[in-house]
Amino acid sequence: MTDRDEPPDVDRLARAMLLLHGAHDDDHPSVEDGRRSWSKAPAFAGDPTRAAAVREATQADRDRYLTSGLRPVDCRFCHVTVDVKKLGPGHTAVQWNTEAAQRCAYFAELRASGGDSARTKSCPKLTDSIKHAVAEGVLNLDAPDL
């Protein structure tokens, strides 16, 4: 069994967060260089190593939040590929890229008729392809990459 299979040790995590961020009072904004800052996390201006570690961890969290669990799904109609994540039975996150948005046949038809694809909820052909990917087990809620 690996560390990823075990539930997190909440007490150890809390102690680590306390060590990382320190005990602070959220009722008062911090003051750095004479300017008020409403940041909840300290900047660690006096400790460049710690500041770099916080930046690195923040970037890793951001990357994980934005890309974890995404799977490429190919539209069965026009063959554009987008990244998709099932977040729940009624919620699907779709990350379009520029090429896919330009090549999507449904969006191209919409733009040709004077419509704005940016104001369109979704491409129905891609929605069908996503439903198919769920049915095939390519997208599921059982195995997120968190």
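Here is the size of the stretch 83-135 from its Cα atoms: Rg then Dmax, 11.8, 35 Å. Among the trypsin sites (Lys or Arg not before Pro) in the stretch 91-137, those placed in a DSSP loop whose Cβ has at most 11 other Cβ atoms within 10 Å are K121.
With θ taken as phi - 60° and the Karplus curve 6.51 cos²θ - 1.76 cosθ + 1.60 applied, the whole-hertz 3J(HN,Hα) list for the stretch 83-94 is 9, 9, 9, 7, 9, x, x, x, 9, 10, 9, 10 Hz, x standing for glycine and proline.
Only the coordinates and a few stated rules stand behind these numbers; no lab work does. Keep in mind it's a predicted model, so treat the numbers as computed, not measured. In this analysis, Cβ positions are derived from the backbone assuming ideal geometry, glycine residues included, and neighbour counts consider all displayed protein chains.
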